[in-house]
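What follows is a short report on a single structure.
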Ligand code: BTN
């Protein structure tokens, strides 16, 4: 019998969002396979609102590189945001970095210390993963692209939790800040940072956000290995360029790595 949770308090969520509340249309499901999949398969009409879908439980949460996003009852905050770009806005290539930055800002404001970013978009605390982002573009021919931005934030992991593909291990908000705020308040805190961040990204691209991202680069100037589909690259991590690509100083010069099926790890 699955553990039951009280229904989310959407009025408290709207109150926490304050003047931003009318910008959003927020649904909160008890269960679904994956909030990203639901928005991709049944995208709501573009009515000018930012559609957000949260789920108390995901049966088949997805992560980057075909990994699972593992869930334990009450263990994480999981939601997706559907963002319609205005025509001729920035290409979505650096979008996931901008989302990571919004998450870091929200967590810092909540009092979480030492939050850093691992390219392209893992949120780490002292090398352990606290949150992940999965950006997927809506398929089809559209005048302007639309992206489903999925966010999973660890709230309370079981002591023996093993997160696949996470060399530095995982952490959760309970460990990093003590008892976290109610999930409605957490979601409001993240959306409050995400909305202006996406608007800036859409208007000006990642270039304007790059300095802020570089300051939070967990691997800045450290030796890294990038495992790609066809080759592995070793060098010193220089961070992200104006387009959000990863720069690595290798023996053969600076290599520019575009977001894709690559994983970045620290070399000891
Ligand atoms: C990663 O770290 O690899 C990305 C994890 C993204 C998980 C979130 S949880 C909400 C949304 N729905 C999913 O199926 N995945 C994302």
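The values are calculated or read from the model by the stated rules, or taken from the named source; none is laboratory data. As the structure is a prediction and not an experimental result, all values here were calculated from the model. Virtual Cβ from ideal backbone geometry, glycine too; neighbours counted across all protein chains shown.
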Requested in this report: Evaluate the following for residue 74: is it within 10 Å of the ligand (Cβ to nearest atom) and in contact (Cβ under 8 Å) with a residue 24 or more places away in the chain?
Outcome: no
Report summary line: Of those in region 28-48 that are surrounded by 18 or more Cβ atoms within 10 Å (Cβ to Cβ) and closer than 20 Å to residue 185 by Cα, the residue nearest to the ligand (Cβ to nearest atom) is 35
Query raised in the report: Out of (1) at pLDDT 95 or above; (2) in contact with a helix residue (DSSP H, G or I) (Cβ under 8 Å, 6 or more places away or on another chain); (3) within 14 Å of the ligand (Cβ to nearest atom); (4) more than 25 Å from residue 28 (Cα to Cα), what's the single condition that is false for residue 130?
Result: (4)
Requested in this report: Check residue 51 against each of (1) within 16 Å of the ligand (Cβ to nearest atom); (2) more than 23 Å from residue 135 (Cβ to Cβ) and name the one condition it does not meet.
Outcome: (2)
Query raised in the report: If you go through region 213-268 one residue at a time, how many are surrounded by fewer than 15 Cβ atoms within 10 Å (Cβ to Cβ), closer than 12 Å to residue 97 by Cα and modelled with pLDDT of 95 or more?
Result: 1
Query raised in the report: Which one is surrounded by the fewest Cβ atoms within 10 Å (Cβ to Cβ) among residues in region 57-71 that are farther than 16 Å from residue 29 by Cα and more than 9 Å from the ligand (Cβ to nearest atom)?
Result: 66
Query raised in the report: Any idea which of (1) at pLDDT 90 or above; (2) under 30 Å from residue 57 (Cβ atoms) is the one residue 169 doesn't satisfy?
Result: (1)
